[in-house]
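Read through the structure below, which is laid out as structure tokens, and then see the notes.
The values are calculated or read from the model by the stated rules, or taken from the named source; none is laboratory data. Because the structure is a prediction, the values reported are computed rather than measured. Because the Cβ atoms are built from the backbone with ideal geometry, glycine has one as well, and the counts that use them run over all protein chains shown. SASA here: full protein model, heavy atoms, side chains in, ligands and nucleic acids out. Shrake-Rupley method; radii C 1.70, N 1.55, O 1.52, S 1.80 Å.
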Amino acid sequence: MSVTLFDLTGKTALVTGSSRGLGLAFAKGLAQAGASVILNGTNDENLEVARAQLRGLGLSTRVSAFDVTNEQSVICAFQELDANGITVDVLVNNAGIQFRKPMLELETKDWHRVLDTNLTAAFIVGREAAKRMAERGHGKIINIGSLTSELARATVAPYTVAKGGIKMLTKAMAAEWGELGIQANAIGPGYMVTDMNEALVNDPKFDEWVKSRTPMRRWGRPEELAGTCIYLASEASNYVSGQIIYADGGMISVL
Ligand code: GCO
């Protein structure tokens, strides 16, 4: 098997929400595979820390600070990339938030906030990237789903609905943009050790549930998702589109 299938040298990858957590792990993995990565977030300090970390590893990194939920901010960010001659070959729609509350107590503003960030933003950023990918006849879009793209857990309804939408948005992107040379796929992470999940990791009952419910009997580590991201960003997946690949220790496959 030619390893050049997975080589991202000469490719530029934009990863939204990549100053920490899964996004930073995706950015680091893509850069280690040869891509020039564009880190994104809204906190300049966090972005600079992340950029320094990757540059310290000798990885090609730049920053594009914009709010994925603000359409004008997204449009301006892509126009700035255009003006600097930077083309996005790979987009990872990773930005997302979690908000845990039973629906009977959930305020509509929080519902909208989660869906705006976790689902609508993927459409907005995806559309801007795809317009440019279509001009070049190629591009890779990788949306970040979740186990909740398939199964619901109580108290995370807006997140679940958004991630279910991510699965179907991925298929919609594949349906419309395949003939333009664009592949759209998704990654479904399992229960990963991240800041977003800190409260769950530190909850002994929840920790026990994750370990008993996961065939591999452990939480995942963000860096364990990098290989799936590299695969979907590379030529190795050139005839794969509309799929969601679960990296979850086997959890989604068992009762
Ligand atoms: C939760 C968690 C999950 C995980 C992940 C699982 O509250 O259940 O935050 O949503 O983060 O999405 O795939």
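What do you reckon, is ALA157 on the phi < 0 side of the Ramachandran plot, more than 9 Å from the ligand (Cβ to nearest atom), among the aliphatic types (A, V, I, L, M) and more than 16 Å from the chain's Cα centre (by Cα)?
Spelling it out, ALA157 is indeed on the phi < 0 side of the Ramachandran plot, more than 9 Å from the ligand (Cβ to nearest atom), among the aliphatic types (A, V, I, L, M) and more than 16 Å from the chain's Cα centre (by Cα).
Counting just the residues of the stretch 194-218 that are assigned to a loop (DSSP other than H, G, I, E, B) and more than 10 Å from the ligand (Cβ to nearest atom), which one comes out least open to solvent (accessible area, probe 1.4 Å)?
We begin by selecting, within the stretch 194-218, every residue assigned to a loop (DSSP other than H, G, I, E, B); these are 194, 202-203, 214-218.
Keeping just the survivors that are more than 10 Å from the ligand (Cβ to nearest atom) gives 202-203, 214-218.
On the way: ASN202: 105, ASP203: 60, THR214: 4, PRO215: 62, MET216: 111, ARG217: 141, ARG218: 81 Å².
If we take residues in the stretch 194-218 being assigned to a loop (DSSP other than H, G, I, E, B) and more than 10 Å from the ligand (Cβ to nearest atom), then THR214 is least open to solvent (accessible area, probe 1.4 Å).
Would you be able to tell me the number of residues in the stretch 138-171 that are closer than 22 Å to ASP248 by Cα, free of Cβ contacts under 8 Å to residues at least 60 places away in the same chain and open to solvent by 40 Å² or more (accessible area, probe 1.4 Å)?
So the count comes out to 6.
Only one residue in ILE75, ILE86 is out of contact with any helix residue (DSSP H, G or I) (no Cβ under 7 Å at 6 or more places or on another chain), open to solvent by less than 70 Å² (accessible area, probe 1.4 Å) and hydrophobic (A, V, I, L, M, F, W, C). Which one?
Only one candidate qualifies: ILE86.
Inside the stretch 48-63, can you point out the residues that are open to solvent by 70 Å² or more (accessible area, probe 1.4 Å) and either assigned to a strand (DSSP E or B) or under 25 Å from ALA247 (Cβ atoms) (or both)?
Within the stretch 48-63, GLN53, LEU57, ARG62 qualify.
Please go through the stretch 15-47 and give me each residue that is among the hydrophobic types (A, V, I, L, M, F, W, C), part of a helix (DSSP H, G or I) and surrounded by fewer than 24 Cβ atoms within 10 Å (Cβ to Cβ), ordered by number.
Scanning the stretch 15-47 gives ALA25, ALA31, LEU47.
Of all residues in the stretch 89-137, which are outside any helix (DSSP H, G or I), away from the ligand (no atom under 14 Å from the Cβ) and surrounded by fewer than 14 Cβ atoms within 10 Å (Cβ to Cβ)?
GLU107, GLY137 - these are the residues of the stretch 89-137 that are outside any helix (DSSP H, G or I), away from the ligand (no atom under 14 Å from the Cβ) and surrounded by fewer than 14 Cβ atoms within 10 Å (Cβ to Cβ).
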